[in-house]
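To start, the structure under review is shown below, and the notes come after it.
Here, each number is a calculation from the coordinates, and none is a lab measurement. All figures in this text were calculated on a predicted structure; none of them were measured in a lab. Reconstructed Cβ throughout: ideal geometry from the backbone, glycine too, with neighbour counts over all protein chains shown.
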Amino acid sequence: MENKIISETDFGPEITMDISGKISIAGKSMMEDASLFYGPCLSWVEDYIQNKKEGLQIEIDLNYFNSSSAKQLMKLLMKIDDAEIGGNVVWIYPTENDVLLERGQELEIMLDLPFKYSPK
């Protein structure tokens, strides 16, 4: 198992996955086929869960994400939640954007992972 970085594209965020247990997703996520983009991240999380069995901290700092991306974020967070290895989410949002804050709160309602909200 090793650290992994998925570089930012015109339509996808930068994703860094560190074997210390920290995942960072930053930028914008508006690709049509989000499952293809997020696939390596989901695979890395599966490996982490099987090998480390320790909590994960997911820092999400997206300025925009579409519904296809929201589905993949939910799959990622549910995978961590279902594994019961512990984890938390830091949801970073622009202070003037209540919609992004609400999107994080909607995800939190569907999960047992604790969320911390951080305006920027």
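What length, rounded to one decimal in nm, is gained on full extension from Thr9 through to Glu84, with 0.36 nm per residue of separation minus their alpha-carbon distance? Present the calculation step by step, with values, prior to reporting the outcome.
On the way: separation 75, 0.36 × 75 = 27.00 nm, distance 3.19 nm.
Gain on extension, Thr9 to Glu84, equals 23.8 nm.
Contour minus end-to-end for Ala26 and Gln50, with contour as 0.36 nm per residue of separation and end-to-end as the Cα-Cα distance?
6.1 nm
A crude spin-label estimate for the pair Ser43 and Val99, with each label 7 Å from Cα along the Cβ direction, gives 3.3 nm.
Shown for the range 4-119: lysine pairs separated by 8 or more places, or found on different chains, whose C-alpha atoms are under 21 Å apart, numbering 23.
Under the criterion of Cα pairs below 8 Å and six or more residues apart, the relative contact order for the chain equals 22 percent. The candidate values were [x] 14.8, 45; [y] 13.3, 40; [z] 15.6, 48; the one computed from these coordinates for Rg and Dmax of the Cα atoms in Å carries the label [y]. A simple charge model with +1 on the Cβ of Lys and Arg, -1 on the Cβ of Asp and Glu and nothing else charged puts the dipole of the chain at about 140 debye relative to its Cα centre.
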